[in-house]
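Here's a structure for you.
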Amino acid sequence: MNNQHGYYLEDLTIGMESSYQKTITETDIDAFAALTGDTNPVHLDSEYAATTPFKARIAHGMLSAGLISTVLGTQLPGPGCIYLEQQIKFKAPVFIGDTLVATVTVADINQRRGRVSLKTQCFVNTKLVADGTASMMVDKKS
């Protein structure tokens, strides 16, 4: 793999894994809300969030999913791949100050169609906070 192109289909094997981690800040949540227009007060208003079951502001679920996209687009399969599909379940909240680790694992390779399925997961410490699968189109060498 190089910076201009990620893995080619022929270079992938089931079980390959890559991760990206980021500590979520108040600034990240505020910027995500501004970018997307999702201004739900559970993300932005500490007083409101205190009245919810979470008791504090939480990150947008799609902010976690965005870190999955980071791994897929920059590491595995990496540059040149096309993100086709994402299925995801948000299982637990992510709070300001949590270090989120997005991990993708190659689960299936369809050589004929040029498609790769990957397990996509986000963790805070050992707690699974998001769980899903992605489908990618990956270039063949020839």
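Values in this text are rule-based calculations from the coordinates and carry no lab data. From a predicted model like this one, the values you see are computed outputs, not experimental measurements. Note: ideal-geometry Cβ built from the backbone for every residue, glycine included; neighbour counts use all protein chains shown.
What is the residue count in the stretch 84-116 for residues that are more than 15 Å from Y20 (Cβ to Cβ), of a type outside the set (D, E, K, R) and not in a loop (DSSP other than H, G, I, E, B)?
Initially, the stretch 84-116 is screened for residues more than 15 Å from Y20 (Cβ to Cβ), giving 84-93, 95-97, 106-116.
Of the ones still in play, those that are also of a type outside the set (D, E, K, R) are 84, 86-88, 90, 92-93, 95-97, 106-107, 109-111, 114, 116.
Filter once more, so that each one left must be not in a loop (DSSP other than H, G, I, E, B): 84, 86-88, 90, 95, 106-107, 109-110, 116.
The qualifying residues number 11.
Separate question: May I ask you to verify whether Q86 is surrounded by fewer than 18 Cβ atoms within 10 Å (Cβ to Cβ), touching a residue at least 12 places away in the same chain (Cβ under 8 Å) and under 10 Å from the mean Cα position of the chain (by Cα)? Before you say what the answer is, go through the steps one by one.
Details: surrounded by fewer than 18 Cβ atoms within 10 Å (Cβ to Cβ): yes; touching a residue at least 12 places away in the same chain (Cβ under 8 Å): yes; under 10 Å from the mean Cα position of the chain (by Cα): yes.
Taking the combined requirement at face value, the residue satisfies it.
Taking the stretch 68-103, which residues are closer than 14 Å to L128 by Cβ and of a type in the set (A, V, I, L, M)? Break it down stepwise before answering.
Taking the stretch 68-103 as the starting set, the residues that turn out to be closer than 14 Å to L128 by Cβ are 68, 88-94, 98, 100-103.
Result: I68, I88, A92, V94, L100, V101, A102.
One residue is enough: does the stretch 53-61 have a residue meeting the conditions closer than 23 Å to S117 by Cβ and touching a residue at least 40 places away in the same chain (Cβ under 8 Å)? Before the answer, list the steps.
Filtering the stretch 53-61 for residues closer than 23 Å to S117 by Cβ gives 61.
Now drop any that are not touching a residue at least 40 places away in the same chain (Cβ under 8 Å), which leaves 61.
Yes, there is a match, as at least one residue in the stretch 53-61 is closer than 23 Å to S117 by Cβ and touching a residue at least 40 places away in the same chain (Cβ under 8 Å).
While we're looking at this one, here's another question. Looking at (1) of a type outside the set (G, A, S); (2) under 19 Å from K91 (Cα atoms); (3) within 17 Å of the chain's Cα centre (by Cα); (4) assigned to a loop (DSSP other than H, G, I, E, B), can you tell me which one L76 breaks?
With respect to (1) of a type outside the set (G, A, S); (2) under 19 Å from K91 (Cα atoms); (3) within 17 Å of the chain's Cα centre (by Cα); (4) assigned to a loop (DSSP other than H, G, I, E, B), L76 is out only on (2).
Moving on. For the stretch 38-93, give me each residue that is closer than 30 Å to H5 by Cα and among the aromatic types (F, W, Y).
Y83
Mind counting the residues in the stretch 91-111 that are of a type outside the set (A, V, I, L, M), more than 20 Å from D30 (Cα to Cα) and surrounded by 15 or more Cβ atoms within 10 Å (Cβ to Cβ)? Give the steps one after another, and end with the answer.
Start the filter on the stretch 91-111 by keeping residues that are of a type outside the set (A, V, I, L, M), which leaves 91, 93, 95, 97-99, 103, 105, 108, 110-111.
Next, from what is left, pick out any that are more than 20 Å from D30 (Cα to Cα): 91, 103, 105, 108, 110-111.
Now drop any that are not surrounded by 15 or more Cβ atoms within 10 Å (Cβ to Cβ), which leaves 103, 105.
Matching residues across the stretch 91-111 total 2.
What about S18, is it under 24 Å from N125 (Cβ atoms), without any contact (Cβ under 8 Å) to a residue 24 or more places away in the chain and either among the aromatic types (F, W, Y) or crowded, with 17+ Cβ neighbours inside 10 Å (or both)? Steps first, answer last, please.
Details: under 24 Å from N125 (Cβ atoms): yes; without any contact (Cβ under 8 Å) to a residue 24 or more places away in the chain: no; either among the aromatic types (F, W, Y) or crowded, with 17+ Cβ neighbours inside 10 Å (or both): yes.
Taking the combined requirement at face value, the residue does not satisfy it.
For M136, only one of the following conditions fails: (1) surrounded by fewer than 21 Cβ atoms within 10 Å (Cβ to Cβ); (2) under 18 Å from L12 (Cβ atoms); (3) touching a Ser or Thr at 6+ places or on another chain (Cβ under 9 Å); (4) among the aliphatic types (A, V, I, L, M). What is its number?
(1)
Filter the stretch 26-71 down to residues that are part of a helix (DSSP H, G or I) and acidic (D, E) and give me whichever is surrounded by the fewest Cβ atoms within 10 Å (Cβ to Cβ).
Restricting attention to the stretch 26-71, the residues satisfying the condition of being part of a helix (DSSP H, G or I) are 26-36, 41-44, 46-50, 61-71.
Retained after the next criterion (residues that are acidic (D, E)): 26, 28, 30, 47.
Numbers: E26: 13, D28: 17, D30: 14, E47: 8.
It comes out as E47.
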